[in-house]
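Asker: Please see the structure below; I have some questions.
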Amino acid sequence: VFFWGVAVLATGCTDSSLRLKNPESLEDVLAEVSLVGDVAVPYGGHSMEVEAVVLVGNLHGTGSDPPPSSERSVLIAEMQKRDVHRPNEVLASPATSLAIARARLKPGTLKGDQFDVDVFVLSRNETTSLRGGSVYQARLCEKAVLGGRLREGNVIGLAKGPILVNPTSDGRADSAELRRGRVLGGGIALKSRPLGLLIKPDDKDVRTSARIGTAINKRFFLTTRGIKSGVAIPKTDGYVDLKLHPRYKDNVDRYLRVVLSIPLREQGINRGGQLQHLEQQLMDAASAAAAAIKLEAIGGDAIIVLKKGLASDNPQVRLHAAVALAYLDDPDATEPLAEVAGNETALRAEALAALGAMDDPAARDALIALLHVS
């Protein structure tokens with residue numbers, strides 16, 4: 001629903017004509033530009049939550065023997081499958097603890113990708129701290145409530161590794177902080193999560209599918225062993241498979257918004273008029289976010305317009321322009337994004353994500369410098 005709304009707001013029209021005849025206003029220009037989002041909607045654009053009951057070991061006397069529960073039964077059964085000798089005695093040791101491992105697999109995750117895993121102790125468990133502990137290999141599965149019972153789905157990934165507990169916490173202010181942590185990169189995906197575009201029923205056609213693939217691949221491509229390949233693969237008259245571009249691995253939502261904003265055909269578009277009117281929208285704080293996405297979708301031709309946004313007196317305009325430039329890997333985005341990340345709490349996450357998407361060495365240096373900012 002969100003992306004349908006984005007597409008409608010982004011275009012304001014579904015006219016498939018692409019020829020411009022002396023446009024005189026913003027509406028005239030934009031009405032003649034058909035976008036991917038006019039004819040397609042995203043598929044698979046949501047995260048998948050997976051979890052497992054896990055055994056944590058290597059604790060320094062802070063573990064506990066878990067009380068009888070369904071979680072304990074599941075863990076005992078899993079330990080028996082793995083030929084663990086005397087599992088009840090293992091669980092009774094203060095060097096071990098039962099815990100829950102949980103992770104969210106992002107859209108576009110590929111088989112073999114690593115991801116972070118959150119680990120926490122259930123409230124009825126007497127374990128006091130997970131610091132220093134490690135998760136023994138566990139199978140992460142989908143969970144669903146069916147027929148009033150919690151059911152376990154397919155095994156989606158594996159989790160194991162040392163647990164990082166907040167190093168600044170001593171447990172005095174919040175004892176729960178010591179009972180939760182994260183295994184950085186401790187998950188590995190066993191299955192890929194498809195990402196794609198569903199063509200709207202009224203527009204289902206092999207030619208439309210091919211046009212979408214061509215338009216997207218002009219804007220985004222991957223390079224493997226020196227060979228370029230597009231991210232979009234038309235599969236049928238109603239579906240286009242979409243690979244996640246690595247620059248957007250931490251911002252899949254933005255990637256899909258940009259893809260939906262790509263013009264379906266370049267020929268016949270009055271690019272100069274389009275950029276001029278998008279510049280007007282960019283300089284207006286109310287429409288700056290949507291305009292920046294459209295400019296980012298255009299690509300290199302839009303950089304000069306986005307750089308004008310960096311000179312705006314409005315901080316929102318500067319941010320949206322800088323974020324779009326960052327995903328275009330333009331070094332001029334580094335300084336304004338670093339300034340926002342250091343000074344603007346509400347905008348910090350977006351600025352840091354954009355800096356992290358850049359390959360430019362200046363962005364890396366800015367992130368290192370921010371490690372010393374409180």
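The values are calculated or read from the model by the stated rules, or taken from the named source; none is laboratory data. Because the structure is a prediction, the values reported are computed rather than measured. Glycine gets a Cβ as well: all are built from the backbone with ideal geometry, and neighbour counts include every protein chain shown. Surface accessibility is based on the protein's heavy atoms, side chains included, excluding ligands, DNA and RNA. Shrake-Rupley method; radii C 1.70, N 1.55, O 1.52, S 1.80 Å.
Asker: Could you work out the Rg to Rh ratio of region 81-125, with Rh taken as the Kirkwood radius (inverse of the mean 1/r over all Cα pairs)?
Answerer: Over the Cα atoms of region 81-125, Rg/Rh equals 1.12.
Asker: Something else about it: Angle check, please: helix 315-327 long axis (alpha carbons) against the longest principal axis of the chain (alpha carbons), in degrees 0 to 90, nearest 10.
Answerer: Taking Cα atoms only, the helix is inclined about 80 degrees.
Asker: Per q in 0.20, 0.26 Å⁻¹, report the Debye log10 I(q)/I(0) for region 154-205, using one uniform scatterer on each alpha carbon and no solvent.
Answerer: -0.81, -0.97
Asker: Leaving out ligands, DNA and RNA, what percent of the accessible area of the chain is carbon and sulfur, probe 1.4 Å?
Answerer: Whole-percent figure for carbon plus sulfur exposure: 52.
Asker: Related question: Hey, what number do you get for the chain at 222 nm if only DSSP H runs of n ≥ 4 count, each worth -39500 (n - 2.57), divided across all residues, to the nearest 500?
Answerer: -10500 deg cm²/dmol
Asker: Right, another one. For region 276-347, what are Rg and Dmax over the alpha carbons, in angstrom?
Answerer: 10.9, 32
Asker: Identify all aspartates and glutamates with a Cα-Cα distance to Lys307 below 18 Å; exclude those on the same chain that are fewer than 8 residues away in sequence.
Answerer: Straight-line reach from Lys307, under 18 Å: Glu279, Asp284, Glu296, Asp329, Asp330, Asp332, Glu335, Glu339, Asp360.
Asker: Now, a different point. Assign unit charges at the C-beta atoms only (+1 for Lys and Arg, -1 for Asp and Glu), then state the dipole size of the chain relative to its Cα centre in Debye, rounded to the nearest 20.
Answerer: The dipole magnitude comes to about 1400 debye.
Asker: Picking from Asn251, Val33, Leu275, whose Cα lies most toward the positive end of the charge dipole for the chain (charges on Cβ: Lys, Arg +1; Asp, Glu -1)?
Answerer: The listed residue farthest towards the positive side: Asn251.
Asker: In whole Å and largest first, what semi-axes does the C-alpha gyration tensor of the chain yield when each eigenvalue is scaled by 5 and square-rooted?
Answerer: 46, 26, 16
Asker: One quarter of the convex hull surface, Cα atoms only: what value does that give for region 220-374 in nm²?
Answerer: 10.6 nm²
Asker: Report, in listed order, any pair from Lys200/Lys228; Lys243/Lys294; Lys160/Lys228; Lys218/Lys243 with a Cα-Cα distance greater than 23 Å.
Answerer: Exceeds cut-off: Lys200/Lys228; Lys160/Lys228.
Asker: Stokes-Einstein at 25 °C, 0.890 mPa s, Kirkwood radius from Cα pairs: D for region 177-305 in µm² s⁻¹?
Answerer: In µm²/s, the coefficient rounds to 145.
Asker: DSSP loop (so not H, G, I, E, B), at most 13 other Cβ within 10 Å: list which GluC sites (Glu not before Pro) in region 272-374 pass both filters. Walk me through the intermediate numbers first.
Answerer: Details: sites: Glu279, Glu296, Glu339, Glu344, Glu350; in loops: Glu344.
Answer in residue order: Glu344.
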